[in-house]
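S.K.: Just dropping this structure here.
The values are calculated or read from the model by the stated rules, or taken from the named source; none is laboratory data. Note that this is a predicted model, so its numbers are computed, not measured. A quick note on method: Cβ atoms are made from the backbone with ideal geometry, for glycine too, and the neighbour counts reach across all protein chains shown. Please note that ligands, DNA and RNA were not included when accessible areas were found on the heavy atoms of the full protein model with its side chains. Shrake-Rupley method; radii C 1.70, N 1.55, O 1.52, S 1.80 Å.
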Amino acid sequence: MAIQRTFSIIKPDATKRNLTGQIVAKFEEAGLRIVASKRIQLTLAQAQQFYGVHSERPFFDELCEFMISEPIVVQVLEGEDAIAKNREVMGATNPADAADGTIRKEFALSIGENSVHGSDAPETAAEEIAFFFSGLELVG
Ligand code: DAT
Ligand code: MG
(Lines give C-alpha, C1' and ligand atoms only; values in the text may rest on other atoms or scores of the structure.)
(Ligands and ions follow the chains in the order given, each with its own letter.)
Protein backbone atom coordinates (compact mmCIF):
# COMPACT_ATOMS: atom_id res chain seq x y z
CA MET A 1 0.00 0.00 0.00
CA ALA A 2 1.34 3.43 -0.93
CA ILE A 3 1.61 6.64 1.06
CA GLN A 4 -1.85 8.26 1.23
CA ARG A 5 -3.39 11.44 2.58
CA THR A 6 -6.63 11.53 4.51
CA PHE A 7 -8.81 14.22 6.03
CA SER A 8 -9.54 14.46 9.76
CA ILE A 9 -11.69 16.65 12.00
CA ILE A 10 -11.29 16.97 15.76
CA LYS A 11 -14.94 17.64 16.60
CA PRO A 12 -16.54 20.18 18.99
CA ASP A 13 -16.94 17.78 21.92
CA ALA A 14 -13.17 17.20 21.88
CA THR A 15 -11.98 20.78 21.35
CA LYS A 16 -14.35 21.90 24.11
CA ARG A 17 -12.78 19.42 26.56
CA ASN A 18 -9.22 20.47 25.60
CA LEU A 19 -8.39 17.09 24.04
CA THR A 20 -6.78 18.30 20.80
CA GLY A 21 -3.22 17.43 21.84
CA GLN A 22 -4.12 13.98 23.15
CA ILE A 23 -5.91 13.17 19.89
CA VAL A 24 -3.04 14.45 17.72
CA ALA A 25 -0.70 12.25 19.79
CA LYS A 26 -2.79 9.19 18.87
CA PHE A 27 -2.38 9.98 15.16
CA GLU A 28 1.37 10.50 15.52
CA GLU A 29 1.81 7.33 17.60
CA ALA A 30 0.13 5.42 14.74
CA GLY A 31 2.69 6.78 12.27
CA LEU A 32 0.42 9.40 10.70
CA ARG A 33 2.06 12.78 9.99
CA ILE A 34 0.16 16.08 10.25
CA VAL A 35 0.77 17.81 6.89
CA ALA A 36 -1.86 20.54 7.37
CA SER A 37 -3.81 21.77 10.39
CA LYS A 38 -6.08 24.66 11.30
CA ARG A 39 -8.67 25.54 13.94
CA ILE A 40 -11.89 26.97 12.49
CA GLN A 41 -15.58 27.32 13.33
CA LEU A 42 -18.00 26.13 10.65
CA THR A 43 -21.08 28.02 9.52
CA LEU A 44 -24.34 26.04 9.31
CA ALA A 45 -24.18 26.17 5.49
CA GLN A 46 -20.64 24.74 5.51
CA ALA A 47 -21.60 21.93 7.92
CA GLN A 48 -24.65 21.04 5.79
CA GLN A 49 -22.51 20.97 2.65
CA PHE A 50 -19.74 18.90 4.24
CA TYR A 51 -22.22 16.30 5.57
CA GLY A 52 -24.49 16.50 2.50
CA VAL A 53 -24.28 12.73 1.99
CA HIS A 54 -26.23 12.34 5.27
CA SER A 55 -28.92 14.97 4.49
CA GLU A 56 -31.77 12.41 4.45
CA ARG A 57 -30.73 10.75 7.71
CA PRO A 58 -32.83 11.46 10.83
CA PHE A 59 -29.79 12.76 12.75
CA PHE A 60 -28.74 15.30 10.07
CA ASP A 61 -29.96 18.49 11.81
CA GLU A 62 -28.55 17.40 15.16
CA LEU A 63 -25.23 16.52 13.50
CA CYS A 64 -24.92 19.91 11.76
CA GLU A 65 -25.90 21.87 14.90
CA PHE A 66 -23.31 19.92 16.89
CA MET A 67 -20.58 20.53 14.29
CA ILE A 68 -21.04 24.32 14.50
CA SER A 69 -21.38 24.46 18.30
CA GLU A 70 -17.66 25.00 19.02
CA PRO A 71 -14.44 25.37 17.02
CA ILE A 72 -13.05 22.30 15.25
CA VAL A 73 -9.55 21.35 14.13
CA VAL A 74 -9.32 20.24 10.50
CA GLN A 75 -6.21 18.31 9.48
CA VAL A 76 -4.62 16.38 6.66
CA LEU A 77 -2.87 13.20 7.81
CA GLU A 78 -0.26 11.44 5.68
CA GLY A 79 1.22 7.98 5.93
CA GLU A 80 1.26 4.40 4.72
CA ASP A 81 -2.37 3.32 4.14
CA ALA A 82 -3.45 6.52 5.91
CA ILE A 83 -7.19 6.28 5.21
CA ALA A 84 -7.63 2.84 6.78
CA LYS A 85 -5.05 3.52 9.49
CA ASN A 86 -6.88 6.66 10.58
CA ARG A 87 -10.23 4.81 10.69
CA GLU A 88 -8.53 2.16 12.85
CA VAL A 89 -7.13 4.75 15.28
CA MET A 90 -10.54 6.49 15.42
CA GLY A 91 -12.51 3.34 16.30
CA ALA A 92 -16.15 2.52 15.52
CA THR A 93 -18.70 5.32 15.02
CA ASN A 94 -20.51 4.34 18.23
CA PRO A 95 -18.03 4.49 21.14
CA ALA A 96 -19.85 1.56 22.74
CA ASP A 97 -18.59 -0.58 19.84
CA ALA A 98 -15.09 0.96 19.62
CA ALA A 99 -12.01 -1.14 20.38
CA ASP A 100 -9.81 -0.44 23.40
CA GLY A 101 -7.15 2.21 22.81
CA THR A 102 -9.05 3.94 20.00
CA ILE A 103 -9.84 7.66 20.12
CA ARG A 104 -13.59 7.09 20.24
CA LYS A 105 -13.33 4.47 22.98
CA GLU A 106 -11.22 6.79 25.13
CA PHE A 107 -12.83 10.14 24.42
CA ALA A 108 -16.21 10.00 22.60
CA LEU A 109 -19.33 10.92 24.57
CA SER A 110 -21.94 9.28 22.32
CA ILE A 111 -22.57 8.10 18.74
CA GLY A 112 -23.21 11.73 17.75
CA GLU A 113 -20.54 13.45 19.86
CA ASN A 114 -17.80 11.08 18.84
CA SER A 115 -14.71 13.34 18.87
CA VAL A 116 -13.32 12.74 15.36
CA HIS A 117 -14.20 12.52 11.68
CA GLY A 118 -12.07 10.61 9.15
CA SER A 119 -12.45 10.11 5.41
CA ASP A 120 -13.72 6.67 4.40
CA ALA A 121 -12.22 6.24 0.88
CA PRO A 122 -9.65 7.81 -1.49
CA GLU A 123 -12.35 9.76 -3.39
CA THR A 124 -13.91 11.25 -0.25
CA ALA A 125 -10.44 12.00 1.18
CA ALA A 126 -9.56 14.05 -1.92
CA GLU A 127 -12.91 15.87 -1.87
CA GLU A 128 -12.77 16.62 1.85
CA ILE A 129 -9.16 17.86 1.73
CA ALA A 130 -10.05 20.19 -1.16
CA PHE A 131 -13.13 21.47 0.74
CA PHE A 132 -10.91 22.84 3.54
CA PHE A 133 -7.38 23.31 2.19
CA SER A 134 -5.63 24.80 -0.81
CA GLY A 135 -2.61 22.98 -2.25
CA LEU A 136 -0.32 25.65 -0.78
CA GLU A 137 -1.45 24.71 2.74
CA LEU A 138 -0.34 21.07 2.41
CA VAL A 139 3.25 20.83 3.56
CA GLY A 140 4.48 17.24 3.52
P1 DAT B 1 -18.28 7.94 10.74
O2 DAT B 1 -18.10 9.31 11.38
O3 DAT B 1 -17.75 6.83 11.61
O4 DAT B 1 -17.75 7.88 9.33
P5 DAT B 1 -20.96 8.03 9.58
O6 DAT B 1 -20.30 8.53 8.33
O7 DAT B 1 -21.88 6.85 9.46
O8 DAT B 1 -19.86 7.66 10.68
O9 DAT B 1 -21.81 9.20 10.26
C10 DAT B 1 -21.29 10.51 10.29
C11 DAT B 1 -21.55 11.10 11.65
O12 DAT B 1 -22.96 11.21 11.86
C13 DAT B 1 -21.05 10.24 12.83
O14 DAT B 1 -19.68 10.43 13.09
C15 DAT B 1 -21.92 10.74 13.94
C16 DAT B 1 -23.26 10.99 13.25
N17 DAT B 1 -24.13 9.82 13.37
C18 DAT B 1 -24.06 8.66 12.66
N19 DAT B 1 -25.01 7.80 13.03
C20 DAT B 1 -25.72 8.44 14.01
C21 DAT B 1 -26.85 8.08 14.81
N22 DAT B 1 -27.44 6.89 14.69
N23 DAT B 1 -27.29 8.99 15.71
C24 DAT B 1 -26.70 10.21 15.84
N25 DAT B 1 -25.65 10.61 15.12
C26 DAT B 1 -25.16 9.73 14.22
MG1 MG C 1 -18.38 8.78 7.60
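S.K.: In angstroms, what radius of gyration and Dmax does the range 22-120 have, counting Cα atoms only?
M.R.: 13.6, 36
S.K.: A further question follows. Describe numerically, in nm with one decimal, the distance between label points set 7 Å from Cα along Cα→Cβ at Ala99 and at Thr124.
M.R.: For the pair Ala99/Thr124, the computed spacing is 1.9 nm.
S.K.: Just to be sure I understand the model, the point goes 7 Å from the Cα along the line to the Cβ. What's the resulting His54 to Ile40 distance in nm?
M.R.: The modelled label-to-label distance comes out at 1.8 nm.
S.K.: In debye, nearest 20: dipole of the range 87-140 around its Cα centre with unit charges on the Cβ of K, R (+) and D, E (-)?
M.R.: Values: 3 positive and 10 negative charges, 27 e Å.
Computed charge dipole of the range 87-140: roughly 120 debye.
S.K.: Roughly to the nearest percent, how much of the accessible area of the range 3-134 is carbon and sulfur, given a 1.4 Å probe?
M.R.: Values: 3160 of 6490 Å².
With neighbouring chains kept in place, the figure for the range 3-134 is 49 percent.
S.K.: How much accessible area per residue does the range 3-134 have, in Å², with a 1.4 Å probe?
M.R.: 49 Å²
S.K.: Keeping all protein chains in place and using 1.4 angstrom, which order do Glu137, Glu123 fall into by accessible surface area, from largest down?
M.R.: Values: Glu137 75, Glu123 120 Å².
My answer, sorted largest first, is Glu123, Glu137.
S.K.: To the nearest 20 Debye, how big is the dipole of the chain about its Cα centre, given +1 on the beta carbon of each Lys and Arg and -1 on that of each Asp and Glu?
M.R.: Numbers: 13 positive and 21 negative charges, 75 e Å.
Rounded to the nearest 20 debye, it is 360 debye.
S.K.: Got a sec to turn the phi values of the range 20-26 into Karplus ³J(HN,Hα) couplings, 6.51 cos²θ - 1.76 cosθ + 1.60 with θ = phi - 60°, whole Hz, x for Gly and Pro?
M.R.: Rounded to whole hertz, the list is 3, x, 5, 6, 4, 4, 4.
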